[in-house]
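Visitor: Would you mind keeping the following structure in view while I ask a few things?
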Amino acid sequence: MTVAIDIEKCTGCSGAREAQCERICPGGLLVREGVKVQLRGGGACWDCAACVKSCPHQALYLILPWPLGGRGARLYARASATETEWILRLPSGREERYVIPARINQKKPVPEI
Ligand code: SF4
Ligand code: SF4
């Protein structure tokens with residue numbers, strides 16, 4: 001997989017001292033250049049998708065390998081405090097959406113063995 005940037009959608013998180021994606025990338029691979037962000041050293045990216053979830057403008061996405069959707073399939077995310085909606089855009093133009101709760105309910109009692 002590869003992270004890609006939609007430069008048209010990226011606002012550079014204007015006004016913020018640090019862009020959302022810059023802040024969250026564990027490898028420090030996303031860096032603002034002027035008013036847009038760039039991926040530096042993409043070979044070090046381990047496809048964790050944290051940046052994809054963090055962007056409020058869906059300017060970041062993963063390009064999926066061919067077996068996972070065909071050539072050019074893209075995975076976008078729209079995250080909130082309670083869930084992440086993953087949006088798979090297939091080369092045919094079809095979209096599939098999957099909603100995943102943001103966190104496991106930590107208050108759920110652990111069953112005794
Ligand atoms: S979080 Fe999104 S809008 Fe902000 S700099 Fe990164 S890619 Fe651009
Ligand atoms: S997928 Fe993970 S490692 Fe790769 S650029 Fe995004 S946040 Fe960084």
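The values are calculated or read from the model by the stated rules, or taken from the named source; none is laboratory data. Note that the structure is predicted; figures quoted are calculated from it, not measured. Please note: Cβ atoms are built from the backbone with ideal geometry, for glycine as well, and neighbour counts cover all protein chains shown. We work out accessible area using only protein heavy atoms, side chains counted, and drop any ligands, DNA or RNA first. Shrake-Rupley method; radii C 1.70, N 1.55, O 1.52, S 1.80 Å.
Visitor: Counting only heavy atoms of the protein chains, get the accessible area per residue of segment 2-101 (1.4 Å probe) and round it to a whole Å² value.
Guide: Accessible area per residue: 59 Å².
Visitor: With label points built 7 Å along Cα→Cβ from the Cα atoms of Leu90 and Arg78, find their separation and express it in nm.
Guide: About 2.0 nm separates the two model spin labels.
Visitor: Could you work out how much longer the chain between Tyr98 and Thr11 gets when fully extended? Use 0.36 nm per residue separation minus the Cα distance between them, nm to one decimal.
Guide: 28.7 nm
Visitor: Further question: Comparing Ala102, Ala49, Ala59, which has the greatest mean-square fluctuation in the GNM of the chain with Cα pairs linked when under 10 Å apart?
Guide: Comparing Ala102, Ala49, Ala59 in a Gaussian network model of the chain, the most mobile one is Ala102.
Visitor: Provide the FRET efficiency to the nearest 0.05 for the Glu18-Cys48 pair, computing r from the beta carbons and using R0 = 25 Å. All intermediate terms of the calculation are to be shown ahead of the outcome.
Guide: Values: r = 18 Å, r/R0 = 0.73.
Working from the Cβ atoms, E equals 0.85.
Visitor: Counting only protein heavy atoms, what percent of the accessible surface of segment 2-101 is carbon or sulfur at a 1.4 Å probe?
Guide: In segment 2-101, the share of accessible area belonging to carbon and sulfur is 54 percent.
Visitor: Please check: in the Gaussian network model of the chain (C-alpha springs, under 10 Å), which one of Tyr61, Tyr76, Tyr98 has the largest mean-square fluctuation.
Guide: Of Tyr61, Tyr76, Tyr98, the Gaussian network model singles out Tyr98 as fluctuating most.
Visitor: Taking a probe of 1.4 angstrom, what is the accessible area of Lys53 in Å², to the nearest 10?
Guide: Rounded to the nearest 10, that gives 90 Å².
Visitor: Beyond 13 Å, what percent of the Cα pairs of segment 1-65 remain?
Guide: 56
Visitor: Using a 1.4 Å probe and counting only protein heavy atoms, arrange Val99, Val35, Val52 so the residue with the most accessible area comes first.
Guide: Ranked list, largest accessible area first: Val35, Val99, Val52.
Visitor: Taking Cα pairs under 8 Å and at least six residues apart, what relative contact order does the chain come out at, in percent? Before the final figure, lay out each step's value.
Guide: On the way: 196 pairs, mean separation 22.8, N = 113.
Relative CO of the chain lands at 20 percent.
Visitor: Right, next: Could you check how many percent of all C-alpha pairs in the chain are farther apart than 21 Å? Please report the intermediate quantities before stating the final value.
Guide: Details: 2694 of 6328 pairs.
The calculated P(r) of the chain puts 43 percent of pairs beyond 21 Å.
Visitor: Could you state how much accessible area Leu39 has, in square angstrom rounded to the nearest 10, with a 1.4 Å probe and all protein chains kept in place?
Guide: Result for Leu39: roughly 60 Å² accessible.
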